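*Asks:* Okay, here's the structure, questions in a sec.
The values are calculated or read from the model by the stated rules, or taken from the named source; none is laboratory data. Because the structure is predicted, anything quoted here is derived from the model rather than measured. Neighbour counts run over all protein chains shown; Cβ positions are idealised from the backbone, glycine included. The accessibility values were calculated without ligands, DNA or RNA, using every heavy atom of the protein model including side chains. Shrake-Rupley method; radii C 1.70, N 1.55, O 1.52, S 1.80 Å.
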Amino acid sequence: MRVLVLGASGFLGGHVHHNLLKDNRFKEIVGTSKSSEIEGLYNIDINNEKKFGEFYRKYNPDFVIWAVMSADNEETLIHTGLKHLLNRMDKQTKLIYVSTDGIFSSGQGCFDEYAALSYLDTHNPLSAYTNAKLDGEKMIQKGHRNYIILRTGPLYGQDLNGNWDFRVLALQSALTANTPYKRADNLFKTFVHVEDLAHAISELLSIDYIGFLHVGPKTKESYYTFSLKMADKLKLDHTLIEPDRIPIKEAIRRGVSLDTSLNTEKCSSLLKTKFREV
Ligand SMILES: NC(=O)c1ccc[n+]([C@@H]2O[C@H](COP(=O)([O-])OP(=O)(O)OC[C@H]3O[C@@H](n4cnc5c(N)ncnc54)[C@H](OP(=O)(O)O)[C@@H]3O)[C@@H](O)[C@H]2O)c1
């Protein structure tokens, strides 16, 4: 069995690729990067049709893990890069596409796999990214039967070099500088530890499952409670963290959905992987 990890230089893809290399179930593990020069990874731009086509034909994997994202241009990544991939994949190749809770932009959280999806209001600065992710889900459903679409909330944890994710880094630097740190106490998410998701992806490669899966622990957190808990874990002074409230009117004006937490019951009954609470 051959596995292709697209985005192996990234936060999640790095952990997935690292775990799979130690896993003797697979014959070949190929990981890619785009701009990062990392030993053992193939530098490839998925948006480059000719080069990506040649690369893909050479490896012709049984599984493809989509752990790529582009902060600047997710639309091109989906409408060009994902399209190239879908055009090339054999029917029997399984695609694991990592999507986001951001596609639930209306309604109230604890969204299960059957909840209605909607595009984010374009006033929301995340709309270009999130709406492209939703387009990606639709393209996969239309063009490729053999898929798992994983939806996750914000990922946190340390990368393979021990560096914390950008949210925890910001918290750490404020608290170590004795700076008060305000976080919204009415903006709720299912925060997912990156290593648990990487572990779940490895497990999913051996499970005969097709469709959607919401991943993460049972309990949602606000950005405020997440920060308090992380500060305690890192032995930082949590008294510097202050609750902040996003006024409902402002949330509506900015197109911000205040609770995109996920119902993860299906995933906890399907997988042995346990997602840790924050
Ligand atoms: N992080 C979160 O909180 C979060 C939340 C929900 C969903 N997700 C999803 O989880 C997945 C992994 O996210 P992440 O945080 O691990 O992302 P990340 O750390 O930003 O990594 C992104 C990866 O994509 C690669 N990439 C970007 N554009 C590319 C292109 N045109 N061709 C080939 N590779 C390209 C990057 O390569 P280089 O770095 O080498 O340029 C890197 O390996 C993504 O699908 C994302 O949408 C993430």
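*Asks:* Cβ-Cβ distance below 8 Å, separation of 6 or more or different chains: which pairs start in segment 185-214 with a residue that is polar (S, T, N, Q) and end on one that is in a helix (DSSP H, G or I) and within 13 Å of the ligand (Cβ to nearest atom)?
*Replies:* Once the first residue is polar (S, T, N, Q) and sits in segment 185-214, its partners that are in a helix (DSSP H, G or I) and within 13 Å of the ligand (Cβ to nearest atom) give Thr190/Asp101; Ser202/Val16.
*Asks:* Related question: Just the residues that are among the β-branched types (Val, Ile, Thr), touching a residue at least 24 places away in the same chain (Cβ under 8 Å) and more than 16 Å from Leu20 (Cα to Cα), please, taken from segment 34-64.
*Replies:* Of everything in segment 34-64, those that are among the β-branched types (Val, Ile, Thr), touching a residue at least 24 places away in the same chain (Cβ under 8 Å) and more than 16 Å from Leu20 (Cα to Cα) turn out to be Ile38, Ile46.
*Asks:* Of all residues in segment 13-32 being under 25 Å from Asp165 (Cα atoms) and open to solvent by 50 Å² or more (accessible area, probe 1.4 Å), which is farthest from the chain's Cα centre (by Cα)?
*Replies:* Lys22
*Asks:* I want to confirm something. Restricting to segment 97-116 and keeping residues that are out of contact with any Gly (no Cβ under 9 Å at 6 or more places or on another chain) and surrounded by fewer than 16 Cβ atoms within 10 Å (Cβ to Cβ), which single residue is nearest to Glu265 (Cα to Cα)?
*Replies:* Asp112
*Asks:* If you don't mind, there's one more thing I want to ask. Restricting segment 137-153 to residues that are free of Cβ contacts under 8 Å to residues at least 60 places away in the same chain and in contact with a strand residue (DSSP E or B) (Cβ under 8 Å, 6 or more places away or on another chain), which is most open to solvent (accessible area, probe 1.4 Å)?
*Replies:* Among them, the one singled out is Gln141.
*Asks:* Same structure, new question: Can you tell me how many residues within segment 120-134 are under 14 Å from Asp101 (Cβ atoms) and open to solvent by 50 Å² or more (accessible area, probe 1.4 Å)?
*Replies:* The total comes to 2.
*Asks:* Please go through segment 33-56 and pick out each residue that is out of contact with any helix residue (DSSP H, G or I) (no Cβ under 8 Å at 6 or more places or on another chain) and either surrounded by 14 or more Cβ atoms within 10 Å (Cβ to Cβ) or farther than 19 Å from Asp159 by Cβ (or both).
*Replies:* Ser33, Lys34, Ile38, Asn43, Asn48, Lys50, Lys51, Glu54, Phe55
*Asks:* For segment 64-93, which positions are under 18 Å from the mean Cα position of the chain (by Cα), open to solvent by less than 20 Å² (accessible area, probe 1.4 Å) and either of a type in the set (Val, Ile, Thr) or over 16 Å from Lys34 (Cβ atoms) (or both)?
*Replies:* Correct list: Val64, Ile65, Ile78.
*Asks:* Taking interchain pairs and intrachain pairs at least six residues apart, which have beta carbon atoms under 6 angstrom, with the first residue in segment 71-87 and among the aliphatic types (A, V, I, L, M) and the second near the ligand (Cβ under 10 Å from one of its atoms)?
*Replies:* Close Cβ pairs (under 6 Å, with a partner that is near the ligand (Cβ under 10 Å from one of its atoms)) amount to Leu77/Ser70; Ile78/Ala132; Ile78/Gly136; Leu82/Gly136.
*Asks:* Keeping to segment 189-242, report how many residues are open to solvent by 60 Å² or more (accessible area, probe 1.4 Å) and either within 19 Å of Asn163 (Cα to Cα) or within 16 Å of the ligand (Cβ to nearest atom) (or both).
*Replies:* Result for segment 189-242: 7.
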